[in-house]
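Worksheet: the structure to be examined is printed underneath.
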Amino acid sequence: MEFFLVTLLNSLSYGLLLFMLSSGLTLIFSMMGVLNFAHASFYMLGAYFAYQTSTYVGFWPALVIAPLVVAGLGAITERYGLRTVHKYGHVAELLFTFGLAYIIEEVVHLIWGRAPVPYRIPEILDFSAFSIFSTQYPAYRVFMMLISVAMLVALYLVLTRTRIGMIIQASLSHPDMVQALGHNVPTVFMLVFAGGAALAGLAGVIGGNAFVTEPGMAVSVGTIVFVVVVFGGMGSLAGAFIASLIIGAVQTFSVAFDYSLLSLFGTIGIKVNTESGWMELWKVTIAQAAPVLPYLLMVAMLIVRPKGLMGTREG
Amino acid sequence: MVKSRLRAALVGAMAALAFAGPAAAQGVVKIAYLEGLSGPFGNVGEVGLRHLQFAAERINEKGGVLGQKIEVVPFDTKTSPQEAQLVFKQLVDQGIRYMMQGNGSAVALALSEAMGKHNARNPEQTVLYMNYGAVDPALTNDKCNFYHFRFDADVDMKMQALTNYMATQKNIAKVYLINQDYSFGQSVAKAARAMLNQKRPDVQIVGDDLHPLGKVKDFAPYVAKIKASGADAVVTGNWGNDVALLIKAAKDAGLTADFYTYYAGGLGTPPVIGEAGVGHLKQVTVFHSNIGGSGTVANVEAYRKRFPDSKDDFYWTSIINAMTMLTMAMEKVKSTDPVKVAPALEGIKIDTITGEVTMRADNHQAVQPIFVSTFSKANGKDVKFDVERTGFGFRTDARIEAKDTVLPTTCKFQRPKG
């Protein structure tokens with residue numbers, strides 16, 4: 001029970017962080033039809049900016065400043081990068097973001113070096129918030145969840161209750177009509193891109209010190225974020241939310257299961273030839289396979305339901 | 001960082017120029033340093049590089065070896081076996097005949113194999129491999145190579161020492177094993193299981209986890225599992241960020257089990273655990289800065305003086321010993337040719353700050369005392385030096401003499417003819 005509750009909380013905090021990352025990606029995709037390969041790089045930039053800012057003014061101002069700087073970079077990327085290559089079609093846009101991811105990584109190498117930087121949790125949050133039976137639960141994890149939920153609510157309110165939210169939603173499906181009504185659709189695109197980048201940056205600010213801030217962090221979360229977006233359905237926020245929580249739970253809970261195919265064979269009474277070359281495969285436990293499980297889920301989803309959990313597009 | 005990259009580029013350019021000339025450039029002995037200098041283990045790669053520079057500078061101050069200076073040439077392997085094999089080709093092309101590596105047994109096995117093939121095909125360009133920290137027992141047993149020399153104690157030797165100590169700790173009842181999923185981590189788990197079963201049959205092994213190397217950023221799920229198992233001791237061979245993050249997660253969750261580690265004293269872990277590790281965090285090593293003796297103090301202080309900006313401390317005696325033994329062997333045979341130097345390294349004995357270190361002739365494994373130590377508050381006496389300027393250091397619990405760490409070997413390498 002203790003284990004279940006602690007792991008549930010861990011999976012929730014991880015899932016919410018994933019959602020913060022994937023919400024921006026899926027918004028940008030549904031609006032511009034561009035899969036932004038540099039999205040995870042904005043996450044990394046958020047963490048590094050927060051580290052740099054926090055060395056001067058502390059963590060709390062960094063929490064606001066870093067995402068804003070990342071948003072600015074996002075806006076510039078859209079205005080002067082994506083919009084310029086837009087006329088050459090989606091392939092050019094895809095390649096642009098792909099290249100951008102590499103450039104950002106190299107720039108990070110040049111400025112901050114290749115080793116992890118000492119970006120730490122602020123001392124005021126470095127205590128245990130509560131105990132579940134005998135396990136302490138760190139306050140910073142609670143803080144991460146609060147930020148994620150606050151962001152989730154804010155995003156929902158902006159998209160459904162404000163004027164700009166309505167225009168964004170309208171531009172998603174009928175950009176020409178919105179343009180004809182006199183709205184500046186390119187600016188809306190820029191805002192969405194900047195907003196998506198800011199969300200990724202914010203995730204970086206709170207994820208960077210909870211885990212590690214290093215140049216490899218973009219690559220390590222980048223692929224998972226794509227899994228979330230594909231699994232949840234391209235362009236669907238609700239889908240991304242559910243997918244984030246599912247993938248978060250799969251990754252955290254799978255660590256706990258020491259069952260392998262061999263033990264399954266044992267229970268259903270199949271004799272296995274222990275000399276066989278397949279033995280190595282039979283012996284792999286779920287815990288060992290934990291890192292590949294999200295990808296297996298994605299492949300399974302693509303086979304069964306190619307549009308994803310809540311996606312609307314086919315193929 | 002920018003500076004060191006520039007330097008690496010310069011060194012590369014200079015080496016490329018040297019390539020045009022005769023293979024062994026006049027006046028310098030080049031030592032290639034192959035390590036992940038980027039990626040998740042880049043920080044630990046740099047620590048080793050500083051030690052090698054430290055050792056090389058000392059030798060050069062005394063006039064070098066046979067009148068030639070030692071020059072260190074760093075190569076980035078990204079801690080990947082494939083990348084390391086490519087780097088190996090580069091260093092051969094640049095005419096470098098000595099290489100040093102120590103982080104990652106998977107890399108070491110790949111390098112040792114590549115070197116074996118190369119040396120068999122190109123005996124006139126023979127390369128010698130000094131391994132300062134890759135401790136998979138296979139490297140000096142089934143997969144040993146005549147030109148591979150290991151200066152650190154291997155997994156089994158350290159586990160022998162560690163389990164001897166654990167056998168005396170009566171409060172241990174349930175042990176949990178968590179290791180990195182590659183040759184080294186697997187051999188730690190295997191050795192721990194076998195030796196604990198033999199020395200403490202009453203101890204129960206309640207968990208045996210292997211996790212991907214360098215990929216896990218959040219160990220909280222693993223810690224929850226350890227906690228649920230009721231373990232009172234955890235044995236781990238994790239190194240680099242993998243041990244720092246594991247300890248951090250354990251501290252966050254309030255896990256009070258004792259940690260028996262190979263590399264908790266390595267970079268990054270002590271600042272993370274701080275006060276919470278006192279009395280709970282143990283390591284088994286061939287050296288730590290509080291083993292005592294004036295030589296130890298002098299070395300630690302000299303290292304701190306030479307690298308005042310770095311947070312790490314004098315740690316890799318295996319690198320210093322490797323360079324001492326290498327220069328002694330070179331002077332003995334009056335040559336810097338690995339074909340002559342390798343046989344001279346066999347059976348070589350040196351007096352070091354930890355005691356006598358001997359190079360075994362039958363499998364090229366250095367034999368030396370091993371220490372088990374516990375994380376404690378620095379007090380200026382038996383815990384004179386803290387680690388990474390944290391105010392905490394290691395206190396020796398047990399010193400296992402060199403002769404008690406010798407294990408049988410299955411190594412049967414082919415000696416070069418003549």
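The values are calculated or read from the model by the stated rules, or taken from the named source; none is laboratory data. If you're wondering where the values come from, they're calculated on a predicted model, not measured in any experiment. Note: ideal-geometry Cβ built from the backbone for every residue, glycine included; neighbour counts use all protein chains shown. The area values use the complete protein model at the heavy-atom level, side chains included, leaving out ligands, DNA and RNA. Shrake-Rupley method; radii C 1.70, N 1.55, O 1.52, S 1.80 Å.
A few remarks follow.
- Restricted to region A:216-239, and to residues there that are surrounded by fewer than 24 Cβ atoms within 10 Å (Cβ to Cβ) and assigned to a loop (DSSP other than H, G, I, E, B), the residue that is farthest from the other protein chains (Cβ to nearest Cβ) is A:235.
- In the set A:270, A:242, A:303, only one residue is without any contact (Cβ under 8 Å) to a residue 12 or more places away in the chain, of a type in the set (A, V, I, L, M) and part of a helix (DSSP H, G or I); that residue is A:303.
- Scanning region B:144-189 for residues that are charged (D, E, K, R) and either in contact with a Phe, Trp or Tyr (Cβ under 7 Å, 6 or more places away or on another chain) or surrounded by fewer than 20 Cβ atoms within 10 Å (Cβ to Cβ) (or both) returns B:152, B:158, B:170, B:174, B:181.
- Meets criteria (assigned to a helix (DSSP H, G or I) and either of a type in the set (Lys, Arg) or farther than 25 Å from residue B:66 by Cα (or both)) for residue B:332: yes
- Residue check for residue B:351: over 24 Å from residue B:54 (Cβ atoms) and either crowded, with 16+ Cβ neighbours inside 10 Å or not polar (S, T, N, Q) (or both): no
- Residue count for region B:274-319, restricted to those that are assigned to a helix (DSSP H, G or I) and crowded, with 22+ Cβ neighbours inside 10 Å: 4
- Breaking point among (1) out of contact with any helix residue (DSSP H, G or I) (no Cβ under 8 Å at 6 or more places or on another chain); (2) within 19 Å of residue B:299 (Cα to Cα); (3) open to solvent by less than 10 Å² (accessible area, probe 1.4 Å), for residue B:338: (2)
- Total residues in region A:94-125, condition in contact with a helix residue (DSSP H, G or I) (Cβ under 6 Å, 6 or more places away or on another chain), within 28 Å of residue A:34 (Cα to Cα) and of a type in the set (Gly, Ala, Ser): 1
- Candidates B:292, B:277, B:266: the one that is farther than 25 Å from residue A:140 by Cβ and more than 12 Å from every other protein chain (Cβ to nearest Cβ) is B:292.
- Among the conditions (1) touching a strand residue (DSSP E or B) at 6+ places or on another chain (Cβ under 6 Å); (2) under 27 Å from residue B:333 (Cβ atoms), residue B:62 misses just one, which is (1).
- Residue selected from region A:131-153 under the condition within 11 Å of another protein chain (Cβ to nearest Cβ) and surrounded by fewer than 16 Cβ atoms within 10 Å (Cβ to Cβ), by the criterion modelled with the highest pLDDT: A:131
- The number of residues in region B:124-138 that are among the polar types (S, T, N, Q) and assigned to a strand (DSSP E or B) comes to 1.
- Just one residue in the set A:263, A:171 is over 30 Å from residue B:251 (Cβ atoms), open to solvent by less than 10 Å² (accessible area, probe 1.4 Å) and of a type in the set (Ser, Thr, Tyr); that residue is A:171.
- Hits in region B:385-402 - residues which are modelled with pLDDT of 90 or more and open to solvent by 60 Å² or more (accessible area, probe 1.4 Å): B:395, B:397, B:399, B:401
- Long-range neighbours under 7 Å by Cβ, at least six apart or interchain, first residue facing another protein chain (nearest Cβ under 10 Å) within region A:1-21, second of a type in the set (Asp, Glu): A:14/B:218
- Complete set of residues in region A:57-107 that are free of Cβ contacts under 8 Å to residues at least 12 places away in the same chain and buried (at least 16 other Cβ atoms within 10 Å of the Cβ): A:85, A:86
- As a summary of the residue check, residue B:157 satisfies the conditions (1) part of a helix (DSSP H, G or I); (2) more than 23 Å from residue B:316 (Cα to Cα); (3) in contact (Cβ under 8 Å) with a residue 60 or more places away in the chain except for the one numbered (2).
- Residue tally, condition assigned to a loop (DSSP other than H, G, I, E, B), crowded, with 16+ Cβ neighbours inside 10 Å and not basic (Lys, Arg), over region B:55-83: 4
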